[in-house]
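Before any comments, here is the structure.
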Amino acid sequence: MRIENKQLKEFLLDSNLLEVAVVDENFKLANETNQKLGDLLLEKKLVSETELRKLYSYILGIPYVNLEKETITADILQIIPEPIAKKYGIVAFEKDGNDLKVAMKNPEDIQTIDFIRKKTGLKIVPCLTSDESIKAILRQYEKSLKAEFGDIISKDSDNVAVGEEADDLEKIAQDLPIVRIVDTLLKHAILQSASDIHIEPDEKEVRVRYRIDGVLHDAMTLPRQVMEGLVARIKVLSSLKLDEHRLPQDGRFKIEKEGYRISFRVSILPVFEGEKIVMRLLDETSKGLTLEKMGLTGNALEVVHRHIKRPNGMVLVTGPTGSGKTTTLYTVMDILNTTEVNISTVEDPVEYRMMRVNQTQVNAKIGMTFAAALRSLLRQDPDIIMVGEIRDSETMQIAVEAAMTGHLVLSTLHTNSAAGTLPRLLDMGAEAFLVASTVNVVIGQRLVRKLCNECKVSYKLDEKDVAALSSNFNMDEILKMLKDTPQLASEINAKSNWKNIDFYRPKGCEQCSNEGYKGRQGIYEVLEMDEEIGKLITSNASSDDIEKRAREKGMQTMGEDGFIKAASGITSLEEVMRVTKE
């Protein structure tokens, strides 16, 4: 937008938004560096985007609108087609007679306004808005698509052909109604950010369920006659045998559209009523994940960063299936993935493809086990080795030896806590002194659902709640820990008690599909190996003794980390209880 620095400076001084000295100093700096004053103020976080845009609207004499929490009706939204709205950052939000109000990031874009005027035949009234407003309205295009999906399913399932021979199956898989139904199921899952799709045959119907934020939800029920076609279509997409109905099959395929690239890992298993399909969705565009975004904070984050930068030793991530262990390892590899190191992995299966990382897929049928692959991999001059999972003593032995001989080894184990990992390695046959000298750090983790920011409701614990929580947690110790947590300093002070600390519970709104939760985050415990813990391992101490000592040295348990996130309003105590109680 053509707003001169001098113009903005004068309006800033008039509005008393910033002190005169701050405005003068930044005005001078902007002119010296040939920058826009507004961009500089945003960069330094001296003003918010909303404040700046309101000033711009005042200067340009164009109204400012905030649409972040508005719901636009489908008929008005569709006046400007989604591709144009996305490309030019412009959305329709109100129609009055022949006047169409549009919100845009740059209301001086005369070409786009003219194009929409010609296309719609309406008088366009431009308004200025923020990035977040445009994003919020673009998400509503997706919501209106969801309504159409139901119609496609009910219309197309009646037109499905049925056949038995392999040739027939191939024909059915290309059948338009089946293609549309499968496309719909996949699109629907992507829109809802599902991690898995389950397609389950029953005697009279086919049930489709999506796993969203770790919990399975019924998505839709289809007539039984479409099952054969669904299976055939998914087998064609995954390059699997169409006429094999008695043995399990595994495959994968990819969908690339504007804005996303999703890889589907397919597993087909014969069940009594036919074949059950489970598809895991892997978003290959979700880059830029950091340990901080995943939920590691404070001292735990520093410990992990310190130990993954070491040239050798083991970094172990533990937790049950679906607790985000692989994502943590991939994030660590992403941090370490530079041109100076050779990173090699042995995985079952390879989840995400990573540039410059040599990824090997385990195949037990031909003798390519974790141990065999790892042994060969050590001859490939790796600096960093990622072993998908330590399942047996042979893999563990080779991994420990690799860590001793100058490699950094990243891997996962199925144990309930970080401290429980060390005795588990001894059970597998590792020598205690080797475990003590090779393991750098153990990260225990679980995933909790995040509360929806739009509708979460605050409440305070009463005596009954505290008593119920006391059966699982030491509430006195946790209260003391919350008071000592720097990130909660503004909410909790030395005089706080359970009766005046705010916690939050889900309510449900349109933004979170009435679930009350949206997205997930990790809760962690990070056990750092040192001389004292090493001595406990060599003296065959129990996991309780190891945990007790680690806690004395400052380790927070997953439960405590969960309480910090609950008091911060990130998740609910119910979620913390759900994932930590054993």
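The values are calculated or read from the model by the stated rules, or taken from the named source; none is laboratory data. None of the values given here were measured: they were computed from a predicted structure. Positions of Cβ are backbone-derived with ideal geometry, glycine not excepted, and every protein chain shown enters the neighbour counts. Accessible surface areas use protein heavy atoms only, side chains included; no ligands, DNA or RNA. Shrake-Rupley method; radii C 1.70, N 1.55, O 1.52, S 1.80 Å.
Taken together, the residues in segment 220-248 that are part of a strand (DSSP E or B) and more than 28 Å from the chain's Cα centre (by Cα) amount to 2.
Looking only at residues of segment 35-60 that are part of a loop (DSSP other than H, G, I, E, B) and touching a residue at least 24 places away in the same chain (Cβ under 8 Å), we find that the one that is surrounded by the fewest Cβ atoms within 10 Å (Cβ to Cβ) is 36. Identify the residue in segment 191-213 that is closer than 15 Å to residue 262 by Cα and open to solvent by 20 Å² or more (accessible area, probe 1.4 Å) and, among all such residues, is modelled with the highest pLDDT. Here the residue is 195. Kindly check whether there is at least one residue in segment 319-327 that is surrounded by 19 or more Cβ atoms within 10 Å (Cβ to Cβ) and either more than 29 Å from residue 423 (Cα to Cα) or at pLDDT 95 or above (or both). No, there is no match, as no residue in segment 319-327 is surrounded by 19 or more Cβ atoms within 10 Å (Cβ to Cβ) and either more than 29 Å from residue 423 (Cα to Cα) or at pLDDT 95 or above (or both). Looking at segment 68-141, the helices (runs of 4 or more DSSP H) lying wholly inside it that each contain 1 or more residues that are small (Gly, Ala, Ser) sit at 74-77, 82-88.
If you go through segment 13-63 and keep only what is charged (D, E, K, R) and touching a Leu at 6+ places or on another chain (Cβ under 7 Å), you end up with 49, 51, 53. Filtering segment 79-96 to residues that are among the aromatic types (Phe, Trp, Tyr) and within 13 Å of residue 140 (Cα to Cα) leaves only 93. Of the strands (runs of 3 or more DSSP E) lying entirely inside segment 443-544, those containing at least 2 residues that are open to solvent by 20 Å² or more (accessible area, probe 1.4 Å) and either touching a residue at least 60 places away in the same chain (Cβ under 8 Å) or closer than 26 Å to residue 410 by Cβ (or both) span 502-505, 517-528.
Can you name the residue in segment 249-276 that is among the aliphatic types (A, V, I, L, M) and over 24 Å from the mean Cα position of the chain (by Cα) and, of all such residues, is surrounded by the most Cβ atoms within 10 Å (Cβ to Cβ)? Among residues in segment 249-276 that are among the aliphatic types (A, V, I, L, M) and over 24 Å from the mean Cα position of the chain (by Cα), the one surrounded by the most Cβ atoms within 10 Å (Cβ to Cβ) is 268. Looking at residue 431 and the list (1) among the charged types (D, E, K, R); (2) within 22 Å of residue 296 (Cβ to Cβ); (3) without any contact (Cβ under 8 Å) to a residue 40 or more places away in the chain, which single condition is not satisfied? Every condition holds for residue 431 apart from (2).
This table checks each residue for (1) modelled with pLDDT of 90 or more; (2) closer than 16 Å to residue 282 by Cα; (3) aromatic (Phe, Trp, Tyr).
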{"residue": "219", "(1), (2), (3)": "no, no, no"}
{"residue": "225", "(1), (2), (3)": "no, no, no"}
{"residue": "248", "(1), (2), (3)": "yes, no, no"}
{"residue": "252", "(1), (2), (3)": "yes, yes, no"}
{"residue": "262", "(1), (2), (3)": "yes, yes, no"}
{"residue": "269", "(1), (2), (3)": "yes, no, no"}
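This table checks each residue for (1) over 18 Å from residue 228 (Cβ atoms); (2) aromatic (Phe, Trp, Tyr); (3) modelled with pLDDT under 85.
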| residue | (1), (2), (3) |
| --- | --- |
| 143 | yes, no, yes |
| 167 | no, no, yes |
| 174 | no, no, yes |
| 186 | yes, no, no |
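Scanning segment 7-34 for residues that are under 20 Å from residue 106 (Cβ atoms) and open to solvent by 30 Å² or more (accessible area, probe 1.4 Å) yields 7, 11.
Filtering segment 545-574 to residues that are open to solvent by 10 Å² or more (accessible area, probe 1.4 Å) and outside any helix (DSSP H, G or I) leaves 553, 554, 555, 556, 557, 568, 570.
Candidates in segment 350-369 are the residues that are at pLDDT below 90 and surrounded by 14 or more Cβ atoms within 10 Å (Cβ to Cβ); of these, the one that is farthest from residue 249 (Cα to Cα) is 354.
Pairing each residue of segment 200-229 that is within 23 Å of residue 324 (Cα to Cα) with any residue that is of a type outside the set (Gly, Ala, Ser) and outside any strand (DSSP E or B), provided the two are 6+ apart or on different chains, yields C-beta distances under 8 Å for 210/188; 210/192; 212/192; 212/515; 213/515.
Restricting to segment 427-442, what's the tally of residues that are open to solvent by 10 Å² or more (accessible area, probe 1.4 Å) and either aromatic (Phe, Trp, Tyr) or in a strand (DSSP E or B) (or both)? Number satisfying all stated conditions: 1. Filtered by the rule that a residue be in contact (Cβ under 8 Å) with a residue 60 or more places away in the chain, in contact with a helix residue (DSSP H, G or I) (Cβ under 9 Å, 6 or more places away or on another chain), under 26 Å from residue 255 (Cβ atoms) and assigned to a loop (DSSP other than H, G, I, E, B), segment 282-334 gives a lone residue, 324. Of all the residues in segment 97-123, those that are closer than 16 Å to residue 138 by Cα and not basic (Lys, Arg) number 3. When you check residue 178 against the structure, is it within 25 Å of residue 260 (Cβ to Cβ), open to solvent by 10 Å² or more (accessible area, probe 1.4 Å), of a type in the set (A, V, I, L, M) and modelled with pLDDT of 80 or more, yes or no? Taking the combined requirement at face value, the residue does not satisfy it.
A quick yes/no check of all residues on (1) assigned to a helix (DSSP H, G or I); (2) closer than 28 Å to residue 522 by Cβ:
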site: 358; (1), (2): no, yes
site: 371; (1), (2): yes, no
site: 389; (1), (2): no, yes
site: 416; (1), (2): no, yes
site: 425; (1), (2): yes, yes
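All of (1) of a type outside the set (A, V, I, L, M, F, W, C); (2) part of a helix (DSSP H, G or I); (3) open to solvent by 30 Å² or more (accessible area, probe 1.4 Å) hold for residue 188 with one exception: (3).
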